[in-house]
Amino acid sequence: MSRARADEEEYWHSSKFRAFTFDDEDDELSQLKESKRAVNSLRDIVDDDDDDLERVSWSGEPVGSISWSIRETASSSTSSLEGQDSSLQKGSSSYAAFPKQASSYSLSSLFKGRNKLPSFQSLSDALSDTGVKNYAPELRRPKAEYKDYSSDWSPKDTVIRMQRGKVCSLERFRSLQDKLVLLDEAVAGHDGNVITAVLIFLKRTLRREILFRELEVRQVALCHLIYFLKETGEQKLLLDLLRFLDRTEEVALSQYREHLNIQDVEKRREFLKGCIGLPFSAEDASHIQDHYTLLERQIIIEANDRHLETAGQSEIFRKYPRKASILNMPLVTTLFYSCFYHYTEAEGMFSSPTNLKKTFKIPDKQYVLTALAARAKLRAWEDVDALFTTKNWLGYTKKKAPIGFHRVVEILQRNNAPVQVLQEYVRLVEDVETRLNLATKYKCHDVVIETYKDLKDRIQLTAYKCKVERGSAEEEKINSILNN
């Protein structure tokens, strides 16, 4: 009886249910520690593989090595099926066991797939699953995509594809015959871009003598190459080509163009002096000579005027300072400059307008236009009047304009000439209709009234009376004419 009582007390004392004590918080902490130890012991039981041991594949090579990755990648199309069979043969224990948390490669994950057991996959496995890569063989591109780089295209097909903007390799055309056929097909296609592209290829792959000889009988391609060399500035090759073709004048002109690249004035002058002896035509030779003479004059004028402007010895330079240098300016600009600053100088001076006119044989029309614009800008109306005044052999003075007085009126009006000056030159316009239009446009009332009076047109004169101010001298003049 006493033994039964002792067993009963042991039963009740061994139960997991206990009475409340004030030390429950400490008991919960101890229970948590015990649970952690239990879980760790369970992991040791489930993980039958030691971390220190190296995992190997069925072939005996380490999992994840380079040779293993290559072999697994090449056989990935069949390994999945074999993996499923092998996983079934291993038994049901693999399904009951939890997957290892820290492992990146395992036999079950590689041969069965990591998604085979979603119900047994822990959260840590799901998060660490991103580090695993699926290896698969790269699919080759279809042959159609490599047609643009095929070596089977004929010269004609190559030109057609180039015209359509497709990429074509010209390196396959290695023989001279193939290259010439390609060039002929490009010329026959009448596409300048294709011709230029083929010429660049030939220029790079052929010797100069051979290229020049073949282009000599192909004028269209030759013109394209000459233009291309001029645009790209390949001066040496261009000169060699022109010399081979015996185009001496073009060689000289092409060499003359080099002066544009010379910035120093003295060096440019010496270069132009050397160009005078080149084999130009008669007309071009005179232009080269004039260019050299003009630059020489400009250097002298620039040096003298810079000194006068700096010293302040000339009134016109103080009143109208120079805005730019005269060096390398055209002949017309130089003449305008001379008429503006050196109009009254003697003919013997290099900066005299008459000296420039005589030296460079400037026509009268060009000289009058330039001098008129320069003197009108300075509002030197006496010089303008003297420019058109001439004397006949009897000593009578007369106004004469080689450019026509209607152009003289327009230039004067652009330079804000007073009405009295405009009326004087409007009267000299010979055509009546043009004279009336100019007089009406620029409000030269006296010219309009006198013209209608000469025409005896009472109706137009009466109508024009309404366009002048009441009580003005013009209205009184119109009334006087109408009353008579």
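The values are calculated or read from the model by the stated rules, or taken from the named source; none is laboratory data. Because the structure is predicted, anything quoted here is derived from the model rather than measured. Neighbour counts are summed over all protein chains in view; Cβ atoms, including those assigned to glycine, are modelled from backbone coordinates with ideal geometry. SASA here: full protein model, heavy atoms, side chains in, ligands and nucleic acids out. Shrake-Rupley method; radii C 1.70, N 1.55, O 1.52, S 1.80 Å.
Worth pointing out:
- Unique residue being in contact (Cβ under 8 Å) with a residue 12 or more places away in the chain and not hydroxyl-bearing (S, T, Y) when the list is R306, R379: R379
- So E347, is it over 45 Å from the mean Cα position of the chain (by Cα) and either under 22 Å from E315 (Cβ atoms) or acidic (D, E) (or both): yes
- Failed criterion for A463 (all others in (1) in the same structural domain as D383 (by the TED database); (2) among the small types (G, A, S); (3) part of a helix (DSSP H, G or I) hold): (1)
- Boolean, H190 is modelled with pLDDT of 90 or more, assigned to a loop (DSSP other than H, G, I, E, B), open to solvent by 50 Å² or more (accessible area, probe 1.4 Å) and under 30 Å from Q163 (Cβ atoms): yes
- For E185, the conditions (1) more than 27 Å from the chain's Cα centre (by Cα); (2) in a loop (DSSP other than H, G, I, E, B); (3) buried (at least 17 other Cβ atoms within 10 Å of the Cβ) all hold with the exception of (2).
- Per-region count, the range 247-264, residues open to solvent by 50 Å² or more (accessible area, probe 1.4 Å) and more than 31 Å from the chain's Cα centre (by Cα): 3
- Scan the range 399-427 for residues that are open to solvent by less than 50 Å² (accessible area, probe 1.4 Å), assigned to a helix (DSSP H, G or I) and of a type in the set (S, T, N, Q) and the total you get is 1.
- When residues in the range 428-454 are screened for being of a type outside the set (S, T, Y), surrounded by 11 or more Cβ atoms within 10 Å (Cβ to Cβ) and under 24 Å from K398 (Cβ atoms), 13 of them pass.
- Pairing each residue of the range 395-416 that is in contact (Cβ under 8 Å) with a residue 12 or more places away in the chain with any residue that is among the polar types (S, T, N, Q) and open to solvent by less than 70 Å² (accessible area, probe 1.4 Å), provided the two are 6+ apart or on different chains, yields C-beta distances under 9 Å for K399/T389; K399/T390; K400/T389; K400/T390; H406/T434.
- Within the option set K273, K203, K230, K267, being open to solvent by 70 Å² or more (accessible area, probe 1.4 Å) and either more than 30 Å from G348 (Cβ to Cβ) or touching a Leu at 6+ places or on another chain (Cβ under 8 Å) (or both) holds for one residue only, K230.
- Odd one out for D284, checked against (1) outside the structural domain of I210 (by the TED database); (2) open to solvent by 50 Å² or more (accessible area, probe 1.4 Å); (3) not small (G, A, S): (2)
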